[in-house]
């Protein structure tokens, strides 16, 4: 449902949310624009953490005097386009855009709205980059000769057909939302096979498909440096107002991407892939420095990869520090997939399938299996029953800024209540505490310290309850 209080540019008027795209509009100054062609970029994303990276990347391009172009950029969060005024604003922005980028568009009704707008202006765009999303969005991809609507036969035709087949299979199984993120994870795997496909393509088609793959990798990398490189690559290679060869494509940095899954700690020298490797650093180096006793309870934490890759992990760091400040151990794992059951099994259980943690806190706020796209409660329950530990799902404000939520008479956005309270409860989650907000201007996550303190207390109380004899429980 909608529930929008604000118009295209205002606040929430005490309602749930109102989009403020003006805060996400970056334009070059007169001095920065002088003597340079301007490239306009429009993006639509599910996750607000990409906003800070994109803004930073565009500002850096505009500041760099030897960049052969300057950039204007405006972003929309997917949920905002439910509002007809915001959808109309997006349509106006698309009319003179050069580059369109979107990612993780998995809400069917919004995918249809977005596809209609993008299709209307696709022919006038110089580049249309649609990263893992519903097939009706994916087929809009266009980068030079890499055009999924025009390809029939050959390796790329086969790739396009596989996307359709996966979607149809989901529908036949009666899973229009592709339960449990299975469709999305298959899609991510399929997109990763593109580099192998390139070997079989003729010259120009291979180059353009390679540019698409590199752009995707830059996007998944998520940092401002990655996104700046993506925009330089796409604008330099595909926007005709920029002189050919003005951007030295060979000098653009390669994508820097985090491992797809791993154990992360803000102070660790690297991301680790096994508990043994993590404990080697944690027990020998970190615990003595942090003053954590060897017999301390262990808090398992689930994180969203995109917050780490976009360097928007302040709320995660605040929680980890709070737990450790109270003398407990932390094991925090993430995955780039939408099925978080794999890291639970791999990192929070030992080889015998026994739990290695005392409590599990999911800071993504989403279902264990399916993330923000859908849910497979049956699979989630099976994994959580095997783990057999208290499971808390905490809520980061996704569709509202911190101020909007504070000023709202209605509280949490209804879409967020459904996705981040109701669905996790079906998995078996408890205690849906809001623990972080979002800055309305930058899109960055803001830790709510009093709530993080409360969450740490609740999590550690659950570990104490586990140790108590039944006779001592009140």
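On inspection, residue 268 does not qualify as within 29 Å of residue 61 (Cβ to Cβ) and either surrounded by fewer than 17 Cβ atoms within 10 Å (Cβ to Cβ) or touching a residue at least 12 places away in the same chain (Cβ under 8 Å) (or both). Only one of 362, 388, 350 is in the same structural domain as residue 427 (by TED's automatic domain parsing), loosely packed, with under 15 Cβ neighbours inside 10 Å and touching a strand residue (DSSP E or B) at 6+ places or on another chain (Cβ under 7 Å); which? Checking each option against the conditions leaves just 388. Among what's in the stretch 337-347 and is touching a helix residue (DSSP H, G or I) at 6+ places or on another chain (Cβ under 6 Å) and without any contact (Cβ under 8 Å) to a residue 60 or more places away in the chain, pick the residue that is nearest to residue 420 (Cα to Cα). The residue in question is 341.
Within the stretch 26-119, which strands (runs of 3 or more DSSP E) (wholly inside it) include 1 or more residues that are in the same structural domain as residue 222 (by TED's automatic domain parsing), more than 22 Å from the chain's Cα centre (by Cα) and in contact (Cβ under 8 Å) with a residue 40 or more places away in the chain?
38-45, 70-77
Quick check on the stretch 320-337. Is at least one of its residues part of a loop (DSSP other than H, G, I, E, B), assigned by TED's automatic domain parsing to the domain that holds residue 431 and under 19 Å from residue 381 (Cα atoms)?
Checking the stretch 320-337: at least one residue is part of a loop (DSSP other than H, G, I, E, B), assigned by TED's automatic domain parsing to the domain that holds residue 431 and under 19 Å from residue 381 (Cα atoms).
Selection over the stretch 396-422 of residues that are surrounded by fewer than 24 Cβ atoms within 10 Å (Cβ to Cβ), touching a helix residue (DSSP H, G or I) at 6+ places or on another chain (Cβ under 8 Å) and not in a loop (DSSP other than H, G, I, E, B) gives a count of 1. Taking the criterion of being closer than 12 Å to residue 81 by Cα and either surrounded by 22 or more Cβ atoms within 10 Å (Cβ to Cβ) or out of contact with any helix residue (DSSP H, G or I) (no Cβ under 9 Å at 6 or more places or on another chain) (or both), the residues of the stretch 100-114 that qualify are 105, 107, 114. Selection of the stretch 214-233 for residues being part of a loop (DSSP other than H, G, I, E, B) and buried (at least 24 other Cβ atoms within 10 Å of the Cβ) yields only 222.
Residues that are surrounded by 18 or more Cβ atoms within 10 Å (Cβ to Cβ) and within 30 Å of residue 103 (Cα to Cα): does the stretch 292-301 have at least one? Scanning the stretch 292-301 turns up at least one residue that is surrounded by 18 or more Cβ atoms within 10 Å (Cβ to Cβ) and within 30 Å of residue 103 (Cα to Cα). When each of 408, 453, 445 is tested for being touching a residue at least 60 places away in the same chain (Cβ under 8 Å) and in contact with a strand residue (DSSP E or B) (Cβ under 6 Å, 6 or more places away or on another chain), the lone residue that passes is 445. For the stretch 122-147, a tally of residues being part of a helix (DSSP H, G or I) and in contact with a strand residue (DSSP E or B) (Cβ under 8 Å, 6 or more places away or on another chain) returns 3.
Residues are listed down the side, and each one gets a yes or a no for (1) at pLDDT 95 or above; (2) surrounded by 21 or more Cβ atoms within 10 Å (Cβ to Cβ); (3) in contact with a strand residue (DSSP E or B) (Cβ under 8 Å, 6 or more places away or on another chain):
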site: 287; (1), (2), (3): yes, no, yes
site: 324; (1), (2), (3): yes, yes, yes
site: 332; (1), (2), (3): yes, yes, yes
site: 372; (1), (2), (3): no, yes, no
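Selection over the stretch 314-323 of residues that are in contact with a helix residue (DSSP H, G or I) (Cβ under 8 Å, 6 or more places away or on another chain) and in contact (Cβ under 8 Å) with a residue 60 or more places away in the chain gives a count of 5.
The one condition from (1) at pLDDT below 95; (2) crowded, with 16+ Cβ neighbours inside 10 Å that residue 93 does not meet is (1).
Taken over the stretch 257-284, the criterion of being outside any loop (DSSP other than H, G, I, E, B) and either within 23 Å of the chain's Cα centre (by Cα) or closer than 28 Å to residue 223 by Cα (or both) is satisfied by 261, 262, 263, 272, 275, 277, 278, 279, 281, 282.
The values are calculated or read from the model by the stated rules, or taken from the named source; none is laboratory data. No experiment lies behind these values; they were computed from the predicted model shown. Note that we place each Cβ from the backbone using ideal geometry, even for glycine, and neighbour counts take in every protein chain shown.
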